[in-house]
Amino acid sequence: MDYQRLWYREQRIPISILSVIWLAGLLLCFGFFAVSYIKCYREFRFSLPVENDILEAWKEKHPLKRSLSIRQTETIAAPLSYGVIRPVILMPKNTEWKNIYQLRYVLEHEYVHIRRLDMLTKLIMIAAVCIHWFNPLVWVMYILFNRDLELSCDETVVRRFGMDIKSVYATALISMEEKKKRTDTIM
């Protein structure tokens, strides 16, 4: 009988306090990102599709094997893209659809994100942050990674349209940021 108790004790898995803390942090971090995603998904679900001749012509010049939709909503102040399997370019409700130059730069920027599967890359980065939540350098890496992702897309857009559009593209970005700031102060 003593041998059975000894064998039973050896079969138990020792769990340290640090392991419990790490697991709790992992679950909290994952929960934070999951709740954020669900909130955004619910808001974006009510976005309205946008269809006009300019966008249809743009979509013909930018084919994808996946179906791409362009939608608009009141809940955002700056354009963004989301989705891996069925990507969406989401535009603010106050987008100037007649400003063809600014529109094509914005669409190209979001298209670069979609083509490079940046959303999938961000999900991998979020997984790394959740696993290494205790390491402040991983959080710094996450912030810098997101910044570099945007800068890389900007650089790709400038290269595609030519270096002579740098100032026009920068003006378009500043204009979008001003609209975002105005919307943020109103809300």
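Suppose the filter is within 27 Å of Ile174 (Cβ to Cβ), touching a helix residue (DSSP H, G or I) at 6+ places or on another chain (Cβ under 7 Å) and at pLDDT below 90; does Ile54 pass it? Yes, satisfied. Looking only at region 34-79, residues that are under 18 Å from Met119 (Cβ atoms), assigned to a loop (DSSP other than H, G, I, E, B) and touching a residue at least 12 places away in the same chain (Cβ under 8 Å) come to 9 in all. Here the condition is being in a helix (DSSP H, G or I) and either among the hydroxyl-bearing types (Ser, Thr, Tyr) or at pLDDT below 95 (or both); of Ile174, Ile126, it holds for Ile174 alone. Just one of the listed residues (Glu43, Glu60, Glu96) is of a type in the set (Asp, Glu), open to solvent by 40 Å² or more (accessible area, probe 1.4 Å) and under 30 Å from Val129 (Cα atoms), and it is Glu43. When region 85-105 is filtered for residues that are β-branched (Val, Ile, Thr) and modelled with pLDDT under 90, the ones remaining, listed by number, are Thr95, Ile100. Looking across Leu90, Leu80, one residue alone is open to solvent by less than 30 Å² (accessible area, probe 1.4 Å) and of a type in the set (A, V, I, L, M, F, W, C). It is Leu90. In the set (1) in contact with a strand residue (DSSP E or B) (Cβ under 9 Å, 6 or more places away or on another chain); (2) in contact (Cβ under 8 Å) with a residue 40 or more places away in the chain, Glu108 fails one condition alone, (1). Of the residues making up region 100-124, those that are of a type in the set (A, V, I, L, M, F, W, C) and open to solvent by less than 60 Å² (accessible area, probe 1.4 Å) number 6.
The values are calculated or read from the model by the stated rules, or taken from the named source; none is laboratory data. In this text the structure is predicted, and so the values were computed from the model without any measurement. Here Cβ is always computed from backbone atoms with ideal geometry, including for glycine, and neighbour counts include all displayed protein chains. Just the protein is used for accessible areas: all its heavy atoms, side chains included, with ligands, DNA and RNA removed. Shrake-Rupley method; radii C 1.70, N 1.55, O 1.52, S 1.80 Å.
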